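Everything below concerns the one structure shown next.
The values are calculated or read from the model by the stated rules, or taken from the named source; none is laboratory data. Values in this document were obtained by computation on a predicted structure and should not be read as measured data. With ideal geometry, Cβ positions are generated from the backbone for all residues, glycine too; neighbour counts draw on all protein chains shown.
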Amino acid sequence: MVRHFISGGVLAAAAVGMLQSPALAGGLERGGYNIDLLFDTSRFTAEATSTFVMPDRKLKNVRDIDPSPFNPGGTPPTGGGGNLTGLPTSANGSEDYWSPRIGVKAGIGDAVDCMFDYSEPWGAHKNPGRNWAGANEDIETEVKSRNYATTCSYRFDVGPGQLRLIGGGFYQEVYGFQERLVQAFPAGFPLSGVGRLDLEGDGWGWRAGVAYEIPEYAFRASLVYNSEVKLNDITGTLDLSQVSGTPKFDVYGSQAMPDVLELKVQSGIAPDWLAFGSVKWVDWSQLQKVPFFCSSGVAGVCASGTQVTTLDLGYRDGWTVMGGIGHKFNEQWSGAVSLTWDRGTSQGFGSQTDTWALGVLGSYSPTKNVEFRLAGVLGLMTGGSSRTVTLDGVQYGQRANYDFDDDIVAAISTGVKVRF
């Protein structure tokens, strides 16, 4: 009976943990990394989930603190884009998004399990628009990712349970764009003053970990490390045609996506009852001010190899702590509830503050081979402000400052798992 609970209710409980990450984690995290499918006790298993996240961050008291005009002669070019103090002082600081995941797992012999999965671990989308006093900082920014991973494990008897050694690799693509007001022109001027940066990069990563399982007690503890992904050849274009009439030109840069370390623990605490929890660290502090350079000289804009723009992030490391309880009601129905705290990654610049979230999940198995899941999360994003700050001797937030109150984030997730 305990083993059946592991294959059904426990994994349903783990799905709540999977839902927490895209709902509230800081930095550029959306789906994050998840290898729970690897532990499914069936020989062959396929799983698909889709999560829709609705953050409702509102910015207020927006102030244009640098009304100076664009100066293309700086390195990088400087200036606050002109005086925007007459524009609205409030804006939408977040956009809704989807986070999908698809995976398949196969047992090979009596000791080896392997899984392949597709996910979108990183992303961000802000679209406050042109008509606000912080348009010189951001009109629209969007980051997306694609991750293709293979993970295997080998398990063997140790004491009363089994020790599992885990390893794998993944290929990752990251791409996106940013638009901001480089120069505010008077009404009727033939140029909009909006600049656009488009970027894309890819790289490889690896993961390694260990897990220990005692099926008799529905116990499992796992520790998994996911390496950073070095995007050493980020390429793209910078379009300033609506600023100075200059044709768009090629730019390049480099950045690593963060490494991740996560500890997960679960254990039966009574017949058909399970407690579970996790602690995750993400190395977001390596994303600070990301520079980009001209690939070739552009007359009147920059010489080859000259820094022309930056993406300003200024993150600190992320920590996420989650705990919850799962229960199997009968052979078909199980459920779970969880509470999650995520430490915000902003350091006085940006709007990623601490978040608390409550998650609830229901799981229905009409047969032993099929499982349907529906989960929801309701969270509180704490308030704060974004100011001009100096981090490690580098300034952030020089164009606009703003405040924000406590805001709500909600998410809903659906999933289906088929065992055969």
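Please verify whether Gly176 is closer than 30 Å to Leu87 by Cα, touching an Asp or Glu at 6+ places or on another chain (Cβ under 6 Å), touching a residue at least 24 places away in the same chain (Cβ under 8 Å) and assigned to a strand (DSSP E or B), treating the condition exactly as stated. Talk me through it step by step, then tell me what you get.
Values: closer than 30 Å to Leu87 by Cα: yes; touching an Asp or Glu at 6+ places or on another chain (Cβ under 6 Å): yes; touching a residue at least 24 places away in the same chain (Cβ under 8 Å): yes; assigned to a strand (DSSP E or B): yes.
Here the answer is yes, as Gly176 does meet what is asked.
Among Leu28, Leu37, which is the only one that is closer than 28 Å to Gln398 by Cβ, hydrophobic (A, V, I, L, M, F, W, C) and touching a residue at least 12 places away in the same chain (Cβ under 8 Å)? Spell out how you get there, then give the answer.
On the way: Leu37 fails: closer than 28 Å to Gln398 by Cβ.
Answer to the selection: Leu28.
Limited to region 388-409, what total is found for residues that are part of a strand (DSSP E or B) and either over 16 Å from Thr353 (Cα atoms) or free of Cβ contacts under 8 Å to residues at least 12 places away in the same chain (or both)? Talk me through it step by step, then tell me what you get.
The first filter runs over region 388-409 and keeps only residues part of a strand (DSSP E or B), leaving 389-391, 394-396, 400-404, 407-409.
Next cut, either over 16 Å from Thr353 (Cα atoms) or free of Cβ contacts under 8 Å to residues at least 12 places away in the same chain (or both) only: 390-391, 394-396, 400.
So the answer is 6.
Which of the strands (runs of 3 or more DSSP E) found entirely inside region 30-120 contain at least 3 residues meeting this: more than 30 Å from Thr353 (Cα to Cα) and modelled with pLDDT of 95 or more? Talk me through it step by step, then tell me what you get.
On the way: elements: 44-55, 58-64, 97-108, 112-119.
Fully inside region 30-120 and qualifying: 44-55, 97-108, 112-119.
Of all residues being over 19 Å from His125 (Cβ atoms) and hydrophobic (A, V, I, L, M, F, W, C) in region 38-61, which is farthest from the chain's Cα centre (by Cα)? Just the residue, please.
It comes out as Phe44.
Is it the case that some residue within region 345-358 is farther than 20 Å from Trp284 by Cα and assigned to a strand (DSSP E or B)? Break it down stepwise before answering.
So the first thing to find is which residues in region 345-358 are farther than 20 Å from Trp284 by Cα, and the list is 357-358.
With the extra rule that they be assigned to a strand (DSSP E or B), the set shrinks to 357-358.
Yes.
Looking at region 82-140, which of the residues that are without any contact (Cβ under 8 Å) to a residue 40 or more places away in the chain and among the aromatic types (Phe, Trp, Tyr) is nearest to Lys60 (Cα to Cα)?
The residue in question is Tyr118.
Name the one entry in Arg63, Arg101, Arg43 that is among the basic types (Lys, Arg) and crowded, with 23+ Cβ neighbours inside 10 Å.
Working: Arg63 fails: crowded, with 23+ Cβ neighbours inside 10 Å; Arg43 fails: crowded, with 23+ Cβ neighbours inside 10 Å.
Matching residue, one of Arg63, Arg101, Arg43: Arg101.
Is it true that some residue in region 209-224 is crowded, with 21+ Cβ neighbours inside 10 Å and more than 22 Å from Val112 (Cα to Cα)?
No - not one qualifying residue is present in region 209-224.
Kindly indicate the residue of region 225-259 that is aliphatic (A, V, I, L, M) and farther than 30 Å from Trp319 by Cβ and also surrounded by the most Cβ atoms within 10 Å (Cβ to Cβ) among those meeting that condition.
Selected residue: Leu240.
Find the residue count for region 97-141, including only residues that are within 16 Å of Thr49 (Cα to Cα) and among the acidic types (Asp, Glu).
Count: 2.
Consider Val194 carefully, then state whether it is of a type outside the set (Gly, Ala, Ser), under 30 Å from Asp250 (Cα atoms) and at pLDDT 95 or above.
Working: of a type outside the set (Gly, Ala, Ser): yes; under 30 Å from Asp250 (Cα atoms): yes; at pLDDT 95 or above: yes.
So Val194 fits the description; yes.
Show the residue pairs meeting these rules: Cβ distance below 9 Å; 6+ apart or different chains; first residue within region 280-299 and touching a residue at least 12 places away in the same chain (Cβ under 8 Å) and of a type in the set (Asp, Glu); second residue outside any loop (DSSP other than H, G, I, E, B) and surrounded by 20 or more Cβ atoms within 10 Å (Cβ to Cβ).
If the second residue must be outside any loop (DSSP other than H, G, I, E, B) and surrounded by 20 or more Cβ atoms within 10 Å (Cβ to Cβ), the pairs left are Asp283/Val260; Asp283/Gly318.
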